[in-house]
Each structure stands twice: as structure tokens, then as C-alpha cells.
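Coordinate-derived values only; no laboratory data. Since this is a predicted model, take the numbers as computed values, not measurements. In this analysis, Cβ positions are derived from the backbone assuming ideal geometry, glycine residues included, and neighbour counts consider all displayed protein chains.
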Amino acid sequence: MTERVLPLVVRIERSAPPQRTDALEAAATAVVRLLDRAQDRAQDRAQNHARDGSQDGAQDHAEARAEARAEARAEARAEDDGGEWFDEVAEWQDGRIRKVVRRARGAEWRRALALPGITVTVRTAEVRVHPPVPLDDWPRDLARLQVSGTDLSDDATPPEAGPGDVVLWINPGLEMTAGKAMAQAGHGAQFAWWGAGEADRAAWRERGFAVRVRTADPAGWDALAASGLPVVRDAGFTEIAPNSATVVADAPWLRVGVPEV
């Protein structure tokens, strides 16, 4: 299996850099929109097949999974709605869900726009997500973009999140560049997507897959991370130590059975 990584490109013009929170929220929303356009229904069908009592052995299960993937791929392509990315997204989700954020401006940004992908705008920020690419074989116009230089900030404190919002809580004890935090927010949004049922996804879709990214209160972070909500733990490739808890994903459908925190 080819190891793939998800490229995210944030537009950072010298004269008008985006607000940090806007960039984090745009990145998280972009990840979910990509998943929505190329969702892997085959895995759900394979799981349903197993739950229905199939006892035919591992080989039959593998064949059923492959058949379900082919069927879902055909459906996605017939819809002409991200189906051309189905294989890439499915292969990426079967492995490590690595994400890499790079910055672009001017002509670099225009070249990124010419490549397949989805652009999400959240207030001052523009982020483009591209289909997963092989770890060592990026398209040239993405490979030449810089990873460094994403030290963004907020001019004002973002408003508090509402009770029905999807909220991604950032660990207040970690120092991360905006690019690193964007990737972590993307992981958290993906956890929220994985945990959502079809009705939850439909309601979230109606809201444009909007998320709120907020830094947790230092006094409450430990309780939040131990609450039972999904926790993102970083592999430690860059900036922070391996297994660091970076983000807690919170959404109405994730709170069932979770204590109040």
C-alpha cells in the first residue's frame, strides 16, 4: 500500500496574513469537505456484512470488502462529486492520516488553485485541501511550497463556541506554529466526522461543516482529555514530542455518555 499524506495549503500574503483561528477553522472544515466528497462507504458495507453474521472466513471477508469498495467507487464516480479521488482518500484513511500544511502567496497560490482540490474560506483565511498524495511523490507545484513561515496570530479573542457547535479544543500547554495546529485541527475534525452518523453528518453538512477551534482553559484541559471524547495524539514527526495530546474533538454526537466537563 502506498503511504499517502494529505496536503493543505494556506494562503499567506505578505500584506494581509489571515488570523490564526480563521486558518485553523478553514483547515478543519476543508478536511471534512474532502471526506464528504469522497467518503469510503465500502468500509461501512464491509462492517455491516460482518455484523450480519458472515462466518465464511477471512478470505471471504476480504473479497466482500474489495467488492464493496469497487461498488462504492463506481457510485462515487457516477455522482461526479469527488469520485475521482476515491482511491486516494480510501488508501490514505487505511493508513496513517498524516497531514502537511504549506503556505503560498501570489503565483504560488494561483498554481495551487489550478490543481485538483477544494478551497475553503473562513473569514480572513483561505485554505485549499488537495487529494492525498504519495509521501515521496508530491506534485511539483505543491512540493516547492514552504512548510515554515506559518506563525500567525489573532488580533482579538474569538467568541465562545455555542452548545451545538463542533468544537476542537487545542491543548494550552503546547506551543505549535499555525501550520502544525492546522494539521492537528484537521485530525480532530476527521475524528468528529468518523464519529458522526448519517443524520449528524447531514445536519453538519447543512452548516457547511463549520467548526470552532478554541484553546482549552489550562485548568480544565486534563479533565477534557480524560472525558472520553476523541483525543488527537501526535506522532511526533515535527515540533512536539511523540504521543502528545494536541486536540480534543467535541460535538453533540460525541458527547453521548461523556461526563460534563
Extension gain from residue 2 to residue 255, taking 0.36 nm per residue of separation minus the Cα-Cα distance: 87.6 nm
Packing rank of 213-223, 180-190, where each peptide gets the mean count of other beta carbons within 10 Å, highest leading: 180-190, 213-223
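By the scheme Lys and Arg +1, Asp and Glu -1, what is the net charge of all other residues having a beta-carbon under 13 Å from that of residue 231? Please list the in-between numbers first.
Values: positive: 233; negative: 222, 234, 250.
Summing Lys and Arg as +1 and Asp and Glu as -1 gives -2.
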Theoretical gain in end-to-end length, residue 87 to residue 156 [0.36 nm per residue, Cα-Cα removed]: 20.7 nm
Label-point separation, residue 135 to residue 115 (7 Å along Cα→Cβ), nm: 1.8
At R0 = 45 Å, FRET efficiency that the Cβ-Cβ distance of residue 144 and residue 165 yields, to 0.05: 0.75
Ordering of 165-176, 109-120, 85-96 by packing [mean C-beta count within 10 Å, highest first]: 165-176, 85-96, 109-120
Where labels lie 7 Å past Cα in the beta-carbon direction, separation of residue 107 and residue 36 in nm: 3.5
